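Derivation of every value follows stated rules applied to the coordinates shown; laboratory data play no part. Because the structure is a prediction, the values reported are computed rather than measured. Cβ: placed from backbone, ideal geometry, glycine included. Neighbour counts: every protein chain shown.
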Amino acid sequence: MDKSTQRSLRESIETLTDTVREVLRTNLPPEFIILDNVRVMHILKISKRKLALMRTQREIEYHPSEERIFFDPKTKKISSAKGQKKSKRSGKIYYTLRGLLNYIHRFTIKPIYEQLNFTE
């Protein structure tokens, strides 16, 4: 593993550790900790497109908000309303910390030395 990969992995672990420490200070269970797109992308060190791909492949649990955002090209204004059918763009997407931890647990690859059985 080269140094840049090690540094990136170390930064990801530190970010996740900071998030876990923040959760422990709140004394809430992970299913009650809500994260947004930006926070999840920062924790996992992934792009917006990769996160969208993870959602479409159902790799990560997510919860879209009920609010819809509309853009009127004539007035060039953005408005929000609930329940309208001709939405151009949906509201924000949220994630629970429990869903994020489940994703990390499911897709973590164990090192080869943990899988080998050396007997002395």
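Only a single item in (1) farther than 18 Å from Lys92 by Cα; (2) of a type outside the set (A, V, I, L, M, F, W, C); (3) out of contact with any strand residue (DSSP E or B) (no Cβ under 9 Å at 6 or more places or on another chain); (4) part of a helix (DSSP H, G or I) is not met by His42, and it is number (1).
Of all residues in the stretch 1-16, none satisfies the criterion of being closer than 21 Å to Gly99 by Cα and basic (Lys, Arg).
For the stretch 35-47, name all the residues that are of a type in the set (A, V, I, L, M, F, W, C) and more than 10 Å from Leu100 (Cα to Cα).
Val38, Met41, Ile46
Scanning the stretch 1-19 for residues that are in a helix (DSSP H, G or I), among the hydrophobic types (A, V, I, L, M, F, W, C) and surrounded by fewer than 12 Cβ atoms within 10 Å (Cβ to Cβ) yields a count of 1.
Against the numbered list (1) over 27 Å from Ser4 (Cα atoms); (2) surrounded by 14 or more Cβ atoms within 10 Å (Cβ to Cβ), Pro29 comes up short only at (2). Scanning the stretch 46-61 for residues that are part of a loop (DSSP other than H, G, I, E, B), surrounded by 13 or more Cβ atoms within 10 Å (Cβ to Cβ) and charged (D, E, K, R) turns up Glu59, Glu61. Whether a residue is charged (D, E, K, R) and touching a residue at least 60 places away in the same chain (Cβ under 8 Å) was assessed, and Glu14 does not pass this test.
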